[in-house]
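Chemist: Sharing a structure with you now.
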Amino acid sequence: MNFNRHLDLEGQHAFLGASKYHWINYSESKIVEAYTNFMAAQRGTELHEFARRCIELRQKLPKTRQTLNMYVNDAIGFQMQPEQVLYYSDNCFGTADAIAFRNNFLRIHDLKTGVTKTHIEQLRIYTALFCLEYHVKPSDIEIELRIYQNDEILVDNPTASNIVPIIDKIIFSDKIISKIRSEEN
């Protein structure tokens with residue numbers, strides 16, 4: 001048998017695909033909810049890409065209280081780097097939406113386009129990753145973390161006592177995972 005070729009679809013996954021099979025048990029309302037959430041995630045990805053380009057090009061948006069506009073304009077104003085990978089190991093890394101480090105002041109901003117309540121822990125982990133990667137002691141710097149969501153800005157100024165336990169947990173957990181991975185080989 002010669003199977004039809006769908007070159008434009010190779011490597012992609014359909015919303016109603018086999019790899020995410022739970023949808024076969026969904027009611028009509030659950031299908032609507034799941035697809036709406038899927039589209040919101042797609043839109044979030046596109047908005048992050050748009051924001052990244054605006055920041056890179058230093059293209060400010062109209063000054064409003066809208067989440068995206070505040071995030072982009074602040075990142076440009078603070079001369080931040082968008083979409084920066086922070087790396088400790090192959091077991092622990094992440095991408096900060098926007099980051100800057102000048103004069104012993106670390107600033108990390110996160111754009112949230114969904115409605116689900118977010119937690120500052122994500123940005124504290126980015127802070128720990130930054131400190132590990134660049135060999136910076138959290139006690140030697142000032143830190144400001146911001147989450148932009150629902151036309152509001154949540155600001156957090158963690159201290160070393162907030163970040164050091166995360167650093168310790170990363171190092172501890174990484175050793176465990178590295179040991180397991182080495183035993184698999």
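The values are calculated or read from the model by the stated rules, or taken from the named source; none is laboratory data. Fair warning: this is a prediction, and the values are worked out from it, not measured in the lab. Backbone-built Cβ (ideal geometry, glycine too); neighbour counts: all protein chains shown. SASA here: full protein model, heavy atoms, side chains in, ligands and nucleic acids out. Shrake-Rupley method; radii C 1.70, N 1.55, O 1.52, S 1.80 Å.
Chemist: Quick one: which of Leu132, Leu123, Leu86 is surrounded by 19 or more Cβ atoms within 10 Å (Cβ to Cβ), under 13 Å from the mean Cα position of the chain (by Cα) and either of a type in the set (Asp, Glu) or in a helix (DSSP H, G or I) (or both)? Show your work before the answer.
Modeler: Values: Leu132 fails: under 13 Å from the mean Cα position of the chain (by Cα); Leu86 fails: either of a type in the set (Asp, Glu) or in a helix (DSSP H, G or I) (or both).
Residue meeting the stated conditions: Leu123.
Chemist: Within the bounds of segment 59-69, is there any residue that is among the β-branched types (Val, Ile, Thr) and either within 22 Å of the chain's Cα centre (by Cα) or over 30 Å from Ala96 (Cβ atoms) (or both)? So that I can check it myself, show each step before the final result.
Modeler: Restricting attention to segment 59-69, the residues satisfying the condition of being among the β-branched types (Val, Ile, Thr) are 64, 67.
Now restrict to residues that are either within 22 Å of the chain's Cα centre (by Cα) or over 30 Å from Ala96 (Cβ atoms) (or both): 67.
Yes: segment 59-69 contains one or more residues that are among the β-branched types (Val, Ile, Thr) and either within 22 Å of the chain's Cα centre (by Cα) or over 30 Å from Ala96 (Cβ atoms) (or both).
Chemist: Cβ contacts < 9 Å: first residue touching a residue at least 60 places away in the same chain (Cβ under 8 Å), restricted to segment 122-143; second residue open to solvent by less than 10 Å² (accessible area, probe 1.4 Å) and among the aromatic types (Phe, Trp, Tyr), any location; separation 6+ or different chain. Result?
Modeler: That search, which allows pairs on different chains as well, returns nothing.
Chemist: Something else: Would you say Arg65 is outside any strand (DSSP E or B) and exposed (fewer than 14 other Cβ atoms within 10 Å of the Cβ)?
Modeler: Working: outside any strand (DSSP E or B): yes; exposed (fewer than 14 other Cβ atoms within 10 Å of the Cβ): yes.
It is true that Arg65 is outside any strand (DSSP E or B) and exposed (fewer than 14 other Cβ atoms within 10 Å of the Cβ).
Chemist: I need the full set of residues from segment 6-40 which are open to solvent by 100 Å² or more (accessible area, probe 1.4 Å), at pLDDT 85 or above and charged (D, E, K, R), in order please.
Modeler: Answer for segment 6-40, where residues must be open to solvent by 100 Å² or more (accessible area, probe 1.4 Å), at pLDDT 85 or above and charged (D, E, K, R): Asp8, Glu28.
Chemist: OK, next. Return the pairs, sorted by first residue and then second, in which the second residue is open to solvent by 50 Å² or more (accessible area, probe 1.4 Å), the first residue lies in segment 30-52 and is closer than 28 Å to Asp74 by Cβ, the beta carbons are less than 6 Å apart, and the residues are 6+ apart or on different chains.
Modeler: Partner pairs satisfying both residue conditions: Gly44/Thr113; Leu47/Thr113; Arg52/Glu83.
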